[in-house]
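Each value in this text was obtained by applying a stated rule to the coordinates, not by laboratory testing. Note that the structure is predicted; figures quoted are calculated from it, not measured. We place every Cβ from the backbone using ideal geometry, glycine too, and count neighbours over all the protein chains shown.
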Amino acid sequence: MVGVSKDAPEAQRKFKEKYQLPFPLLSDPDQKVHEAYGAFGEKTMYGKKVKGTLRTTVVIGPDGRIRKIFSNVKVDGHAQKVLEALG
């Protein structure tokens, strides 16, 4: 498991420490990974259409194939849904 964000590595390090994350965080400042996995695009923010990060979880199997994509992720209950997808 890895996390990917546009944040700089130093900001990611602080976030990882604050939330005690047990997996690496990868920096994607040019959004190429975000775009490749459908995690960057148009969204509505405060009533306006803007381009930005779309909170997305992609489950990739050991064979490198995408097993499941969770779009428009909400934090509450999400971890359980991901665990069920892995089971």
Using the 10 angstrom Cβ neighbour count as an exposure proxy, how do R65, R55 rank, fewest first?
R65, R55
Dividing the helical contributions, -39500 (n - 2.57) per DSSP H run of n ≥ 4, by the residues of the chain yields a 222 nm value, nearest 500 deg cm²/dmol, of -8000 deg cm²/dmol
Ratio to report: Rg/Rh of the chain, with Cα atoms as the point set and Rh obtained by the Kirkwood method; give two decimals.
0.97
To the nearest 0.05, how large is the calculated FRET efficiency for E35 and D76 if R₀ is 41 Å and r is the Cβ-Cβ distance?
0.90
Violations at 29 Å Cα threshold for listed pairs K43/K68; K14/K48; K16/K74; K16/K43 -> K14/K48
Mind checking the dipole of the chain: about its Cα centre, +1 per Lys or Arg Cβ, -1 per Asp or Glu Cβ, Debye to the nearest 20?
260 debye
